[in-house]
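Worksheet: one structure, shown below.
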2 protein chains.
Amino acid sequence: MNDTRQFHLLAGIMTERDTRSDDAIYQSLWEAIVEHRLSPGARLPEDALAGAFGVSRTMIRRVLQRLALEQLVTLRTHRGAQITSPTPGEARDVFRARRLLEGALLTEVVERITPEDLQALTQIAEQERHARREQAIRLSARFHARLMAIAGNASLSEALSQLISRTSLIIAVYGRHRAGCPCEHPDLIALLEAGELAPIQTWMHQHLTGIEASLDFTASGDALPDFEHLFGHHREQNAS
Amino acid sequence: MNDTRQFHLLAGIMTERDTRSDDAIYQSLWEAIVEHRLSPGARLPEDALAGAFGVSRTMIRRVLQRLALEQLVTLRTHRGAQITSPTPGEARDVFRARRLLEGALLTEVVERITPEDLQALTQIAEQERHARREQAIRLSARFHARLMAIAGNASLSEALSQLISRTSLIIAVYGRHRAGCPCEHPDLIALLEAGELAPIQTWMHQHLTGIEASLDFTASGDALPDFEHLFGHHREQNAS
DNA sequence: GCCTTGAAGATTGTATACAAGCATTTTCCA
DNA sequence: TGGAAAATGCTTGTATACAATCTTCAAGGC
């Protein structure tokens, strides 16, 4: 009887009930979070996840710890895991960090970019335009990650990837109109083809600042998960 | 009988055999790694650590996973954990990342630095000068971390802290003369007191480039842990 | 003498059992 | 009827047992 409820709780995360490996579970959860199928504040009971993925709590705990270290999930002792609700302060922090990092990396990106890179970026941007809204968010994240990978600095790319994921959480909490990246990416591709550094950096700075400016920090509080926002959309738990 | 050997294997990590929490174990291992008491390539058997810290493998595995995500430890399936031996490529990657990040953050550091900050930095530099060689490495890492924390960007500070820790590993593998940071930090403090951005950035760039230039990448290979280096110092396993 | 093949030992991977803590509800008293 | 305290149930924290895999060592063949 518990199983049914647990399964329902996480409907939409997985395709069918089969045993998956560590990384596959991480991937599934990551996508569900970045695509806003799991909203900030949502609780992630270990038993429910274990049941849904057909593994024991051991693996689930490992995955949750990894997500927690990446700040996508908040782990509180004896209170379990829930999707992180970034505070306004953290949100501004992430955008400042992204402006700095992406701005700096663009120098090397412009130097090293190849036609293959441009093609890959074009393809992602294309998918982004035709994708459903949920997947568009994930593709937008992939676009930025792929772009910055061109700089060829694995350490910074990884750090930046985490910042990009967290941006998705921030938009989930504070986004007003439901837009993530308002599909400006094709414009950047045109600039990249031209190859002039200055306008590219300007574009990126405005791109990030524009997203940040579109947020509304007045709604929710700082510390606690914003249940108001959660309830506004739809509640995961059924009341039985 | 196993216990004795295990305990001996990790001598010097802990003060006495008592039960510690998750974070305390992480801290102990982190310090042991950064201070080069555990050299790159050293194996970290779960049973041995569990015995040494008086906890079960469960906690040890969690700590090892965290260290692995920070790239201080390498986890290979069915083959256990060992201290990461950065490849020359990774080493250059880390230094490039540090030059970029620390250079960029210095702008905000100079803007926001307070007398209290200067005092704290002075104190660390002072301890550094009087400390034993092992602890000096850790203090040097703390100096850089404390300095960059002034910029007030938690996300980037955290990423940078990981890069700084990894630098310690790099020095352990490729350092020729046993110098880590050759105690140039007081010079930086003088520049910070003057408050001119340009010379500070120049200093930092030369500082990092100088450390990188002092490394010798010809010795060890790329992929595997360098047992040559390990044996050169002293072996952890006794031959019984 | 060296390489290949097999078996024993040791270590990790996963699941589960039990203990500890928190949340909710129920009950009792004012 | 409202509030507070206690008890029950649920969730997580930790340890341990067992299975799977790798490594090592030994024996046999080339």
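The values are calculated or read from the model by the stated rules, or taken from the named source; none is laboratory data. Worth saying up front: this structure is predicted, and the values here are computed from it rather than measured. Cβ placement follows ideal geometry from the backbone for every residue including glycine, while neighbour counts extend to all protein chains displayed. The protein model used for the area step is the full one, side chains on, heavy atoms only, and it has no ligands, DNA or RNA in it. Shrake-Rupley method; radii C 1.70, N 1.55, O 1.52, S 1.80 Å.
Out of all the residues in the range B:42-87, which are assigned to a loop (DSSP other than H, G, I, E, B) and within 13 Å of DNA strand D (Cβ to nearest atom)? The answer is B:45, B:54, B:55, B:56, B:77, B:78, B:79.
Does residue B:175 satisfy being modelled with pLDDT under 95, within 17 Å of the chain's Cα centre (by Cα) and either closer than 25 Å to residue B:68 by Cβ or of a type outside the set (Val, Ile, Thr) (or both)?
On the way: modelled with pLDDT under 95: yes; within 17 Å of the chain's Cα centre (by Cα): yes; either closer than 25 Å to residue B:68 by Cβ or of a type outside the set (Val, Ile, Thr) (or both): yes.
Answer is yes for this residue.
Of all residues in the range A:48-59, those satisfying the criterion of being away from every other protein chain (no Cβ under 11 Å) and open to solvent by 50 Å² or more (accessible area, probe 1.4 Å) are A:56, A:57. Residues in the range A:47-76 that are more than 15 Å from DNA strand C (Cβ to nearest atom) and aliphatic (A, V, I, L, M): A:67, A:68, A:69, A:72, A:73.
May I ask you to verify whether residue A:101 is within 13 Å of another protein chain (Cβ to nearest Cβ) and either farther than 19 Å from residue A:145 by Cα or in a helix (DSSP H, G or I) (or both)? Quick ask: steps written out before the conclusion?
Details: within 13 Å of another protein chain (Cβ to nearest Cβ): yes; either farther than 19 Å from residue A:145 by Cα or in a helix (DSSP H, G or I) (or both): yes.
Yes.
Being open to solvent by less than 30 Å² (accessible area, probe 1.4 Å) and over 30 Å from residue A:71 (Cβ atoms): is that true of residue B:189 here? So residue B:189 passes the test. Applying the criterion of being of a type outside the set (Asp, Glu) and facing chain B (nearest Cβ under 10 Å) to the residues of the range A:80-95, the residue that is surrounded by the most Cβ atoms within 10 Å (Cβ to Cβ) is A:94.
Of A:137, A:171, A:200, which residue is in a helix (DSSP H, G or I) and open to solvent by less than 10 Å² (accessible area, probe 1.4 Å)?
Numbers: A:137 fails: open to solvent by less than 10 Å² (accessible area, probe 1.4 Å); A:171 fails: open to solvent by less than 10 Å² (accessible area, probe 1.4 Å).
Unique residue meeting the criteria: A:200.
Exactly one residue among A:37, A:20, A:62, A:98 is at pLDDT 95 or above and either open to solvent by 60 Å² or more (accessible area, probe 1.4 Å) or more than 28 Å from residue A:217 (Cβ to Cβ) (or both), and that residue is A:62. The condition (being more than 14 Å from chain A (Cβ to nearest Cβ), surrounded by 21 or more Cβ atoms within 10 Å (Cβ to Cβ), within 21 Å of the chain's Cα centre (by Cα) and within 9 Å of DNA strand C (Cβ to nearest atom)) is satisfied by just one residue among B:29, B:44: B:44.
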